[in-house]
Structures are given as C-alpha cells and as structure tokens.
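J.: Just passing along the structure, written as structure tokens.
Coordinate-derived values only; no laboratory data. For clarity, every value in this text was computed on a predicted model and none was experimentally measured. Don't worry about glycine lacking a Cβ; one is built from the backbone with ideal geometry, like all the others, and counts go over all protein chains shown.
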C-alpha cells in the first residue's frame, strides 16, 4: 500500500527572500548565486509577491528598463497563491495547473516555511507532471478555481498583510474585512 506524498516532504526550505524595495539587479544576482529561477518577496514575514526570471525578462529587459533602477515591488507577480504543507502533491499540481502558476509558497501557522515548484514535484512523481500538462492543455487558467484559492499579500480594503486573503467580488480581503461586509 502506498501513501500519498505531502507538500512538506517535497518542498524546499532554503528560500531566496528579498524585500519589496530591493532592486531587480540585486534580486537577479541572488537568483544567479543560488541558481534559482525566482525569489520570494516578503514583508513582515509574509509573502506578498514572487519575482521570476520571466518577470525580469518581460517587465524589465524587454521594456528597456535598467534593473538597477527598478524595485522588485514594481515588477513582481502578486498576489501569490499559497498552499498548506499537509496538502498532497496531487493537490499542489492541480492548483498549479488550474491557476497557471509553477510555484507555491508554503504557509503553516501564518508563517512562510517553504516553496514547492513543478520541478520539485516532477522529480518525485513524473506521472503528476504529465497530469499537470493535461490541465494546462485544457485551459490557461480556470478563473472560478483561481478565485477560490487562498492568497498571501495585502488586503485591498485595510492594507493589512495576511496569508489568508480570499477573493470577494474580485477583491482580495482579509478575514476581518470579510466579516465587516457581513454586517453592512
């Protein structure tokens, strides 16, 4: 009998982290040094975005901007979809496939503890990689599924950092702001 592998068993815990005010050049140098394709953008121990090689190419290089002058916060992908460490790798691949992302920060007790990538999962389970390709072929992003995910970032009403933002009528809100809407 085989048991399912969970995210916590496959995730990376040595994270490359930058502040939103870090320059893209500094972030790129860190990515090169650590041989990574991304850095997590963290503020007050909460992931608020992710900067990938693709972000740098499309939003800095292709636009002719100087990486020394551009701040990470201006070109990072945000908000970030997060995952619980006790989800299965199949759940992680489903989220990645349906939301058209390749990396998921791992949050436990409102704290960033790791990151899981498609590459990490593919090394452990090549079959899940094939399944994810099928999900990608079906749609570029399942908007309904995407809106049901939990996000990490700033609440669009009060500006509080949270690892538990939910999509409410197209806005990402923290629990307190969602509760306040119920009493309006």
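J.: Can you give the calculated 222 nm mean residue ellipticity of the chain, where each DSSP H run of n ≥ 4 adds -39,500 (n - 2.57) and the sum is split over every residue, rounded to the nearest 500 deg cm²/dmol?
T.: Details: 8 runs with 63 residues, N = 184.
The helix-only estimate for the chain comes to -9000 deg cm²/dmol at 222 nm.
J.: Can you tell me what share of the DSSP beta bridges in the stretch 7-141 is antiparallel? A percent to the nearest 5 is fine. The partial results should precede the final answer.
T.: Working: 15 of 18 bridges.
Of all bridge pairs located within the stretch 7-141, approximately 85 percent are antiparallel.
J.: How long is the gain from residue 124 to residue 61 if the chain were fully straight, where each residue apart is worth 0.36 nm and the alpha carbon distance is subtracted?
T.: Roughly 19.3 nm would be gained on extension.
J.: Who wins for biggest fluctuation among 60, 72, 42 in a Gaussian network model of the chain, springs between alpha carbons below 10 Å?
T.: Highest fluctuation among the options: 60.
J.: Say R0 is 25 Å: what FRET efficiency, to the nearest 0.05, do residue 5 and residue 54 get from their beta-carbon distance?
T.: Values: r = 27 Å, r/R0 = 1.09.
Here the calculated transfer efficiency is 0.35.
J.: Okay, moving on. What residue among 144, 52, 88 has the largest mean-square fluctuation in a Gaussian network model of the chain, using Cα springs under 10 Å?
T.: 144
J.: Using only the alpha-carbon atoms of the stretch 7-141 as identical scatterers, what base-10 log of I(q)/I(0) does the Debye formula give at q = 0.18 Å⁻¹?
T.: -1.00
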